[in-house]
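Report on the following structure.
The values are calculated or read from the model by the stated rules, or taken from the named source; none is laboratory data. Given the structure is predicted, the values throughout are model-derived calculations rather than measurements. Don't worry about glycine lacking a Cβ; one is built from the backbone with ideal geometry, like all the others, and counts go over all protein chains shown. SASA here: full protein model, heavy atoms, side chains in, ligands and nucleic acids out. Shrake-Rupley method; radii C 1.70, N 1.55, O 1.52, S 1.80 Å.
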Amino acid sequence: MPHPQAAATPDAADRDCRTSEPIRLGLIGCGRWGANVAAAVERSVGARLTAVADVSSETAMRLAARLASVPEVLSPPDMLSETQLDAVLIVTGAASHYELAMAAIRQGKHVFVEKPLAMTTTDSFTLTEAAATAGLILMVGHTFLYSEHVIDVERALREGQVGDLRYVSLQRLAYGRFREDANVIWNLGPHDVSILIRWAGRPPTAVRCVEYMFTRPTISDLAFLTLDFGDFLGHVHLSCIDPEKVRRATVAGTAGGIVYDDVEGAVRLHVNGSRVQPRTLAAGDPRRPLDIELSHFVDCIRTGERPQTDGIHGAMVVAVLEAAAASAALGGDWIDLTLALRKVSIGVDPDRPSGGPSLAAVQRTALV
């Protein structure tokens, strides 16, 4: 399979890489997060939001009226066929991501799509292949991976500052935002699964999950995931029924540990067995993660560079979420991800060791 960020066709290269003109972006989805994306584009250098679209024309018009760029208001189909756009930003419900992204790719447009990339691993692979074949950029909006705090933790791990990794525990808790189109696994899970994959440098080999429905009979609002990376375990606690907002990660290694508190805005390195005070890791980029993310998308369009959160990474995340849902349906059985992730093996960091024997030596069900 050609790489999703393979060299663009000559026409695309002439249009995107050899001009100082702003990259022309269209936004599909003008809700709460879509408005944040639009504002980030307006703060960016080298891009212009020229059109917005939403299934509700009134919602699109309200957003357009607030923007300094004065974008044109279009319907989603008209947006996809608009020849004056270089790329589309898809910020809609997850169930619509595949159809909209595929339509944009077929129209020759670069695509930024909010997490998750799609609702199935197969659809994620299909989008990745289609973008690669067309020589287009496909990027997934895993915004937390552009947070300097998450990058700080990754840097510390790769430098061996905590020794050999033993486990990572992440919590993403709050009250409210009960969605009818996605349970807590698909709504909140993409954030922490993507972070774990980035920190590990590879996808997990297996996942298990248990979920609970407290506020509605068929949509979970509490879930616990365990991801087996071979030489360490990752634990994820997701909830939209907790009284306090918590976004916290604890990293434990043989020589030390890290506590990352996103609500507090701090990352602290602890040294085991000493009285040394925890050291606060320093963030290097003061910009908001969303601003960094969208600037990266624009840069990738101009240069053909592979996005940090490309279709391969997005497909890995979806494979884990799909396996977690399958595990929850089976009451928490381990689901083996080896077969599901075989197609994206080229996305694994070749400089990262594959890890030792599995810590979860139990019989597993394969996710086909």
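List, in order, the whole-Hz ³J(HN,Hα) value for each residue of region 33-47 obtained from phi through the Karplus relation with A = 6.51, B = -1.76, C = 1.60 and θ = phi - 60°; use x for Gly and Pro.
6, x, 5, 5, 5, 4, 5, 5, 4, 5, 7, 7, 10, x, 9
Summing -39500 (n - 2.57) over the DSSP H runs of n ≥ 4 in the chain and dividing by its residue number, what mean residue ellipticity at 222 nm do you reach, to the nearest 500 deg cm²/dmol?
After summing the helix terms and dividing by the residues of the chain, the value is -10500 deg cm²/dmol.
Looking at the chain, what % of its DSSP beta bridges pair antiparallel, to the nearest 5?
Looking only at bridges with both residues in the chain, the antiparallel portion is about 55 percent.
Ignoring ligands, DNA and RNA, please state the percent of accessible area on region 137-226 from carbon and sulfur, probe 1.4 Å.
So the carbon and sulfur contribution to the accessible surface is 52 percent.
How far is helix 148-158 tilted, in degrees, relative to the longest principal axis of the Cα atoms in the chain, given as a value from 0 to 90 rounded to the nearest 10?
50 degrees
Could you pull out the trypsin sites (Lys or Arg not before Pro) across region 161-197 that fall in loop regions by DSSP (anything but H, G, I, E, B) with no more than 15 other Cβ atoms inside 10 Å?
The qualifying sites are R177, R179.
Are there chymotrypsin sites (Phe, Trp or Tyr not before Pro) in region 185-246 that DSSP puts in a loop and that have at most 16 other Cβ atoms within 10 Å, and which ones?
F214
Between E72 and residues 5 or more places away or on another chain, which pairs have amide H atoms under 5 Å apart, with H built 1.01 Å from N, and which residues are they?
Amide H neighbours of E72: A51, V52.
Report, for region 167-246, the % of DSSP beta bridges that are antiparallel, rounded to 5.
70 percent
Pop out the ³J(HN,Hα) list for region 306-315 in order, Karplus 6.51 cos²θ - 1.76 cosθ + 1.60 with θ = phi - 60°, rounded to Hz; leave Gly and Pro as x.
Karplus values, whole Hz, x for Gly and Pro: 6, x, 4, 10, 7, x, 5, 4, x, 5.
Using bins 5 angstrom wide from zero, how does P(r) for region 228-270 break down, in % of all Cα pairs?
Result, from short to long distances: 6, 17, 23, 23, 18, 10, 3, 0 percent.
For region 94-250, what percent of Cα pairs sit more than 25 Å apart?
Details: 4725 of 12246 pairs.
Here the tail beyond 25 Å accounts for 39 percent of pairs.
How many percent of DSSP beta bridges within region 103-245 run antiparallel, rounded to 5?
Numbers: 15 of 26 bridges.
In region 103-245, DSSP labels about 60 percent of beta bridges as antiparallel.
Leaving out ligands and nucleic acids, and using a 1.4 Å probe, what accessible area per residue does the chain come to in Å²?
Per residue, the chain has 44 Å² of solvent-accessible surface.
Could you give the dipole magnitude of region 134-187 about its Cα centre, charging the beta-carbon of Lys and Arg +1 and that of Asp and Glu -1, in debye to the nearest 20?
Computed about the Cα centre, the dipole is about 120 debye.
Convex hull volume of the Cα atoms in region 104-161, per residue, in Å³?
Dividing the Cα hull volume of region 104-161 by its residue count gives 111 Å³.
Please express the shape of the chain as an equivalent ellipsoid: the semi-axes are the square roots of 5 times the eigenvalues of the C-alpha gyration tensor, given largest first in whole angstrom.
Taking √(5λ) for each eigenvalue gives 34, 23, 22 Å, largest first.
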